[in-house]
Amino acid sequence: MQHALPHETATTVDAIRAIVGERGIVTDAASAARYLTDWTGEFTGEAIAIVRPASTEEVSQVVRLCAAAGIAITSQGGNTGIAGGGIPYGNRPHILLSLDRMRTIRSVDKAARTATVDAGVVLQTLQETIAPDDLIYPLMFGARGSCTIGGNLATNAGGSNVLRYGTARALCLGLEAVLPDGSIVSDLSGVRKDNTGYDLRDLLIGAEGTLGVITGAILRLFPAPVAVATAFLSLRDMNSALVVLNRLQDVSGGLVEAFEYMPAPLVEAICAHLQMRPPFDAPAEIGILLEIASSRPTDAEVDDTGTQNLQGIVLAALEALMEEDMVVDALVASSEQQRADLWRMRESAAEAIFAKPHVYMFDIALPLAKVPEFVSLTDAEVDAAGLSTLTVAHLGDGNLHYTMVADSDAAWTADTVNRLKDHILERVNQMGGSFSAEHGIGRSKLDFMRRYRKAERLSAMQKIKAALDPAEIMNPGKTIPAS
Ligand code: FAD
């Protein structure tokens with residue numbers, strides 16, 4: 001926290017306190033600390049106060065005050081972002097605006113299959129609330145117990161089920177938000193078609209809090225699956241992956257929800273971290289966590305041998321793929337516990353990776369056909385430089401969290417790491433990929449924006465920012481480089 005505030009700033013803090021009440025403001029350093037360091041521990045920041053409004057109207061009043069006083073605002077949901085976007089940055093006085101008191105699920109419309117929620121609702125809480133109505137909100141990743149709907153939308157989060165359901169953007173029908181001048185824009189009607197000019201929803205989604213504060217959203221829900229087939233596969237090689245994925249899409253009618261790359265070193269690290277047994281005794285060099293799910297009642301019917309139809313279809317396809325030597329081994333979950341164990345392994349990947357003393361995780365996306373070449377070339381180079389890799393990937397989307405790690409300080413020199421970073425990003429660029437697939441730019445990838453985003457595109461973004469936030473109070477120093 002910043003101490004000895006200038007008089008006007010202290011007056012603004014008092015005025016904020018009058019809006020949000022004592023419960024809505026934190027100014028002592030010890031209580032503020034957890035809001036001012038990010039999940040990775042890499043990013044820290046300062047704020048004159050942590051402000052915790054309880055309603056959209058309070059957010060609006062706070063933003064108006066800050067705009068008048070020239071105080072910057074960094075919004076924060078669950079603080080699980082890994083690009084440093086949710087932590088204040090720079091020398092200007094900041095407030096950290098936490099949505100952690102805006103946690104109401106405002107309504108669930110079972111017939112329309114929508115939920116209207118406050119931005120601070122925790123992803124998993126929404127999922128658990130709608131489960132008894134046989135509905136799902138399909139965003140799925142390891143941080144779902146803490147991340148919020150507002151943070152998911154602000155980062156356009158992805159995760160394991162994008163293959164089937166799309167990113168957070170595709171799951172959102174409308175937003176309520178407070179713009180940098182304090183005005184409230186609200187579009188929570190749930191209409192599915194609305195071509196009435198520029199789409200503010202699409203501008204705010206993925207803007208990482210640089211254009212406004214998301215305070216509410218109306219989200220698309222889906223029927224809960226009645227049949228699920230989950231398996232861990234060992235593939236012959238990376239080139240087989242696309243064939244296997246396409247075959248499984250074909251036999252299931254496009255029902256593949258997850259196709260997650262978990263190579264042997266990653267599975268070993270996770271199993272050591274969780275103290276659990278790996279799926280196979282012999283490590284699967286190319287391990288894939290597969291999930292196929294259906295809400296069609298006929299897929300849940302059981303044949304004479306007790307096998308569910310969907311499972312039967314998946315088993316037959318896997319047998320054929322084994323005969324063709326594409327799949328070397330397959331463990332199909334035969335109980336809910338086995339399925340949960342496989343998912344626990346996947347959802348603990350980030351935790352196990354970041355437990356290493358030295359880590360650099362990319363968040364890249366590549367055209368699917370380029371992935372095998374990228375992985376084999378890059379693994380060899382990282383290995384030759386004396387580092388290791390612990391890569392996990394949403395392979396079905398070509399999204400790789402390609403990760404370099406080292407256990408010893410000696411191997412992890414700035415020289416080696418920076419050289420490899422530059423080289424790898426250059427390769428991604430040449431292969432037509434993206435340096436930022438789903439985690440956002442935040443603070444961590446601003447340099448890459450300068451290097452790899454065309455000047456025309458950056459300039460358009462800067463003009464949008466200048467038009468909506470001329471005083472640059474919303475999350476300054478993040479996402480787009482200054483003009
Ligand atoms: P925060 O971390 O609080 O904020 C993230 C960004 O959004 C910041 O720029 C912040 O200013 C802005 N923001 C937050 N709330 C608002 C709001 N209401 N209005 C405006 N701006 C706001 N991400 C993926 O996409 N896929 C994954 O598979 C994935 N796996 C993860 C696994 C682990 C273990 C962890 C720790 C993180 C993972 N993430 C993943 C990253 C992270 O969980 C997501 O980016 C998540 O959407 C962030 O939500 P949050 O509420 O924690 O946002």
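If I take every Cα pair under 8 Å that is 6 or more residues apart in the chain, average their sequence separation and divide by the length, what percent do I get for the relative contact order? Walk me through the intermediate numbers first.
On the way: 954 pairs, mean separation 75.3, N = 483.
Averaging sequence separation for qualifying contacts and normalising by length gives 16 percent for the chain.
Using only helices, what value at 222 nm comes out for the chain when you add -39,500 (n - 2.57) per DSSP H run of length 4 or more and divide by the total residues, to the nearest 500 deg cm²/dmol?
Values: 17 runs with 170 residues, N = 483.
The helix-only estimate for the chain comes to -10500 deg cm²/dmol at 222 nm.
When you take every Cα atom in the chain, what is the radius of gyration, and what is Dmax, the widest Cα pair distance, in Å?
According to the Cα coordinates of the chain, Rg and Dmax are 23.3, 79 Å.
For segment 290-385, what are Rg and Dmax over the alpha carbons, in angstrom?
18.5, 56
Let me see the pair-distance distribution of segment 404-476: every alpha carbon pair, 5 Å bin width, integer percents in order.
Going from the shortest bin to the longest, the percentages are 3, 12, 17, 21, 17, 11, 9, 6, 3, 1.
Could you work out how far the C-alpha centroid of segment 335-379 sits from that of segment 37-88, in angstrom?
30 Å
Find out how many positive minus negative residues lie around THR210, taking Lys and Arg as positive, Asp and Glu as negative, among other residues whose Cβ is under 13 Å from that of THR210. Let's see the in-between values first.
Details: positive: ARG443, LYS465, LYS478; negative: GLU208, ASP469, GLU472.
Residues near THR210 contribute 0 overall.
Which FRET efficiency value, to the nearest 0.05, is calculated for ALA18 and ALA111 with the Förster distance at 41 angstrom and r the Cβ-Cβ distance? Please report the intermediate quantities before stating the final value.
Values: r = 42 Å, r/R0 = 1.03.
Step by step, r from the Cβ atoms, then E = 0.45.
With axes computed from alpha carbons, what is the tilt in degrees of helix 371-384 against the longest principal axis of the chain, rounded to the nearest 10 within 0 to 90?
The helix 371-384 is inclined about 80 degrees to the chain.
Report the FRET efficiency, 1/(1 + (r/R0)^6), for ASP303 and LEU274, where r is their Cβ-Cβ distance and R0 is 22 Å, rounded to 0.05. Could the numbers behind the result be given before it?
Values: r = 35 Å, r/R0 = 1.59.
Given R0 = 22 Å and the Cβ-Cβ separation, E is 0.05.
Give me HIS94, HIS439, HIS423 ranked fewest to most by other Cβ atoms within 10 Å of their Cβ, as a rough exposure proxy.
In increasing order of surrounding Cβ atoms, one gets HIS423, HIS439, HIS94.
If neighbour count is taken as other Cβ atoms inside 10 Å, put THR11, THR56, THR479 in order from fewest to most. Could you put the intermediate results ahead of the total?
Values: THR11 13, THR56 19, THR479 27.
Ordered by Cβ neighbours within 10 Å, fewest first: THR11, THR56, THR479.
What number do you get for segment 289-329 when its Cα radius of gyration is normalised by 2.2 N^0.38 Å, N = residues?
Working: Rg = 11.7 Å, N = 41, 2.2 N^0.38 = 9.0 Å.
Cα Rg divided by the expected 2.2 N^0.38 Å: 1.29.
Each residue of segment 118-134 in order: what ³J(HN,Hα) in whole Hz does its phi give by Karplus 6.51 cos²θ - 1.76 cosθ + 1.60, θ = phi - 60°, with x for Gly and Pro?
Coupling constants for segment 118-134: 5, 5, x, 5, 6, 3, 5, 4, 4, 4, 6, 5, 8, 4, x, 8, 6 Hz.
Show me, for segment 141-146, the HN-Hα J-couplings you get by feeding each phi into the Karplus relation (A = 6.51, B = -1.76, C = 1.60, θ = phi - 60°), rounded to Hz, glycine and proline as x.
Karplus-based 3J(HN,Hα) across segment 141-146 equals 7, x, 8, 5, x, 10 Hz.
Can you pull the semi-axes for segment 301-453, root of five times each eigenvalue of the Cα gyration tensor, sorted largest first, whole Å? Walk me through the intermediate numbers first.
Values: eigenvalues 257, 65, 50 Å².
Equivalent ellipsoid semi-axes, largest first: 36, 18, 16 Å.
Taking the Cα centre of segment 1-156 as origin, work out the dipole magnitude from +1 charges on Lys and Arg Cβ and -1 charges on Asp and Glu Cβ, in debye rounded to 20.
On the way: 12 positive and 15 negative charges, 28 e Å.
Computed about the Cα centre, the dipole is about 140 debye.
For ASP383, ASP38, what ranking results if the residue with the fewest other Cβ atoms within 10 Å of its Cβ goes first? Numbers along the way, then the final one.
Numbers: ASP383 11, ASP38 23.
Arranged by neighbour count, lowest to highest, ASP383, ASP38 become ASP383, ASP38.
Near ILE270, within a Cβ-to-Cβ distance under 13 Å, what is the net charge of the other residues, with Lys and Arg +1 and Asp and Glu -1? Write out the running numbers ahead of the final one.
Details: positive: ARG277, ARG344, ARG346, LYS356; negative: GLU260, GLU268, ASP341, GLU347, GLU351.
So the environment of ILE270 carries a net charge of -1.
Grab the other residues whose beta carbon is less than 11 angstrom from that of LYS110, score K and R as +1, D and E as -1, and report the net. Please report the intermediate quantities before stating the final value.
Details: positive: ARG113; negative: ASP109, ASP133, ASP134.
Surrounding charge for LYS110 is -2.
So between SER189 and ARG344, what do we pick up on full extension, going 0.36 nm a residue minus the alpha carbon distance?
Details: separation 155, 0.36 × 155 = 55.80 nm, distance 3.65 nm.
Here the answer is 52.1 nm.
Any chance you could give the angle, 0 to 90 degrees and rounded to 10, that helix 414-430 forms with the longest Cα principal axis of the chain?
The answer is roughly 70 degrees.
Between SER459 and GLU324, how many nm apart are label points set 7 Å from Cα along the C-beta direction?
It is 4.9 nm.
What share of Cα pairs, in percent, lie more than 16 angstrom apart in segment 187-233?
Details: 645 of 1081 pairs.
Beyond 16 Å sits 60 percent of the P(r) for segment 187-233.
Starting from the Cα coordinates of segment 1-140, work out the convex hull volume and express it per residue in Å³.
Numbers: hull volume 17.1 nm³, N = 140.
For segment 1-140, the hull spanned by Cα atoms encloses 122 Å³ per residue.
Calculate, in nm to one decimal, what GLU351 and ALA380 gain on full extension: separation in residues at 0.36 nm each, minus their alpha carbon distance. All intermediate terms of the calculation are to be shown ahead of the outcome.
Working: separation 29, 0.36 × 29 = 10.44 nm, distance 2.48 nm.
Going from the current span to full extension adds 8.0 nm.
Given a Förster distance of 35 Å, report the FRET efficiency between ALA170 and ALA410 from their Cβ-Cβ distance, rounded to the nearest 0.05.
On the way: r = 45 Å, r/R0 = 1.30.
With R0 = 35 Å, the Cβ-Cβ based efficiency is 0.15.
Stretched out fully, how many nm does the piece from SER55 to ALA264 gain, at 0.36 nm a residue minus the Cα gap?
Values: separation 209, 0.36 × 209 = 75.24 nm, distance 4.72 nm.
Roughly 70.5 nm would be gained on extension.
Angle, helix 309-323 long axis vs. longest principal axis of the chain, Cα atoms, 0 to 90°, nearest 10?
The two axes meet at around 60 degrees.
Pairs of Cα atoms under 8 Å, at least six residues apart: use those to get the relative contact order of segment 347-483, whole percent. Show your work: numbers first, answer last.
Working: 157 pairs, mean separation 35.7, N = 137.
Averaging sequence separation for qualifying contacts and normalising by length gives 26 percent for segment 347-483.
Every read-out reported here was derived from the displayed coordinates using simple, explicitly stated rules and does not represent laboratory data. Keep in mind it's a predicted model, so treat the numbers as computed, not measured. Cβ coordinates were reconstructed from backbone atoms using ideal geometry, including for glycine residues, and neighbour counts include every protein chain displayed.
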